[in-house]
Amino acid sequence: MRRTTPSTRGYFGIGAEGISKAENLGGLLRSAHAFGASFAFTVGADARSLKMRSDTSKADNHLPVYHWQTVDEMQFPKGCSLVGIEILDDATELPSFPHPLQCAYVLGPERGVLSAELLARCGHVIRIPTNFSLNVATAGAIVMYDRLRALGRFAPRPVSEGTVAPPLTPHVQGRPKRRRQG
């Protein structure tokens with residue numbers, strides 16, 4: 001039986017600034033496709049990284065992938081929040097971050113950090129609480145999983161080991177709300 005990604009509210013895109021390795025971009029795009037991203041992007045990517053040899057899902061056949069040379073060229077839908085993913089002291093820890101319904105996540109380059117110009121465009125900056133930096137594709141997958149877990153419709157986790165999660169109750173549409181005139 002083929003499983004599909006549970007639907008979540010809103011939409012998201014994911015990308016990277018200054019990515020230089022085709023394997024990392026391919027892995028990021030494969031994960032974006034798997035987690036149901038609406039689009040993906042790069043900013044100032046090395047031309048060699050655009051070969052995406054490791055994207056076996058052929059994500060660019062299933063979702064738009066934008067390649068911008070500069071931060072000024074980036075264009076997102078109206079209402080889309082830009083969320084930087086970077087190891088900064090003042091960044092919000094991922095487990096405590098309320099994911100925006102409409103957003104684009106952007107990761108820094110493999111051997112560096114998000115540029116000051118890109119950070120200035122970010123409405124939020126988050127960090128994955130790890131002891132050291134992760135591979136770009138791995139970090140992106142963790143953020144997308146956290147978004148799915150936070151905004152998807154899942155049964156609550158059991159409180160202790162060995163217990164079974166209660167089944168997810170079916171959604172029931174409520175009665176129409178009547179608004180007062182005047």
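The values are calculated or read from the model by the stated rules, or taken from the named source; none is laboratory data. Bear in mind that the values here come from a model prediction, so they are computed numbers and not experimental data. Here Cβ is always computed from backbone atoms with ideal geometry, including for glycine, and neighbour counts include all displayed protein chains. The area values use the complete protein model at the heavy-atom level, side chains included, leaving out ligands, DNA and RNA. Shrake-Rupley method; radii C 1.70, N 1.55, O 1.52, S 1.80 Å.
So the values come out like this:
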| read-out | value |
| --- | --- |
| Descending principal axes extents, the stretch 90-163, alpha-carbon based, whole Å | 47, 28, 22 |
| Surface per residue (accessible, 1.4 Å probe) for the stretch 126-169, Å² | 64 |
| Label-point separation, Asp90 to Arg179 (7 Å along Cα→Cβ), nm | 3.9 |
| Highest-MSF residue in the chain out of Pro170, Pro158, Pro129 [GNM, Cα springs under 10 Å] | Pro170 |
| Cα→Cβ-extended label distance, 7 Å offset, between Ala150 and Thr169, nm | 2.5 |
| Amide H partners (placed H, <5 Å) of Val106, local residues excluded | Gly15, Val83, Gly84, Ile85 |
| Debye log10 I(q)/I(0) for the chain, one point scatterer per Cα, at q = 0.09, 0.19, 0.20 Å⁻¹ | -0.37, -1.29, -1.41 |
| Between 0 and 90°, nearest 10: helix 136-151 axis offset from the chain longest Cα axis | 20 |
| Two-site FRET efficiency, Ala120 against His67, from Cβ-Cβ distance with R₀ of 22 Å, rounded to 0.05 | 0.55 |
